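FYI, it's all coordinate maths here, none of it is from the lab. The structure presented is a predicted model; accordingly, all values stated were derived computationally and were not measured. We place every Cβ from the backbone using ideal geometry, glycine too, and count neighbours over all the protein chains shown.
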Amino acid sequence: MKTNETHDAIIIEIEGNLKDDSALKLGKEITKLEQTTNKDIVLDVSRIKDVDSRGLGTLVYLWKTMDNDKHSLVLLNPSEFLEKILIDTNLIKVFSIIKDIKDLKRL
């Protein structure tokens, strides 16, 4: 997991699997960031290869928590695998999804 900060957002790059320990680590990292910034948090999920129920649950939990706190959690360029899961579970309608970081300003 790599973190970059821009003027508008904090971008977290996730690579590989979003399961068990990695999902827990992501949840802790974003919860900590969300408490210390007013910027949007963007998850670059273009390199996710596999997600289990804990990983998906973590994304939903983080989205809901941030939405309740009036912050934005945005998914950047979901991998084909993740996009299929989001479509199959109808979560594609829940998340803010962008294909390019330049699209963040249009949300």
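Volume per residue for the chain equals 89 cubic angstrom (convex hull of Cα atoms). Taking only DSSP H segments of four or more residues, each worth -39500 (n - 2.57), what value at 222 nm results for the chain once the sum is divided by all its residues, to the nearest 500 deg cm²/dmol? -12500 deg cm²/dmol, from helical runs alone.
Rounded to the nearest whole Hz, the Karplus-based 3J(HN,Hα) values (6.51 cos²θ - 1.76 cosθ + 1.60, θ = phi - 60°) of the stretch 19-24 follow the sequence 9, 5, 4, 5, 5, 4, with x at glycine and proline. The amide H of residue 40, built 1.01 Å from its N in the peptide plane, has 10 as neighbours under 5 Å, considering only residues 5 or more places off or on other chains.
Basic side chains Lys and Arg get +1 at the Cβ, acidic Asp and Glu get -1 at the Cβ, and with that the dipole of the stretch 2-102 about its Cα centre reaches some 100 debye. Note on residue 28 and residue 102: the model spin-label points, each 7 Å out from Cα along the C-beta direction, lie 3.8 nm apart. Between residue 17 and residue 89, the simple label model (points 7 Å from Cα in the Cβ direction) yields a spacing of 1.6 nm. Within the chain, antiparallel bridges make up roughly 20 percent of the DSSP beta bridges whose residues both belong there. Summarising the amide proton neighbourhood of residue 48: residues at separation of 5 or more, or on other chains, whose placed amide H is nearer than 5 Å comprise 16, 79. Report the paramagnetic label zone for residue 3: residues of the stretch 47-62 whose backbone N is under 18 Å from a point 7 Å from Cα along the Cα-to-Cβ axis. Once the point is set 7 Å along Cα→Cβ of residue 3, 59, 62 turn out to lie under 18 Å by backbone N, inside the stretch 47-62.
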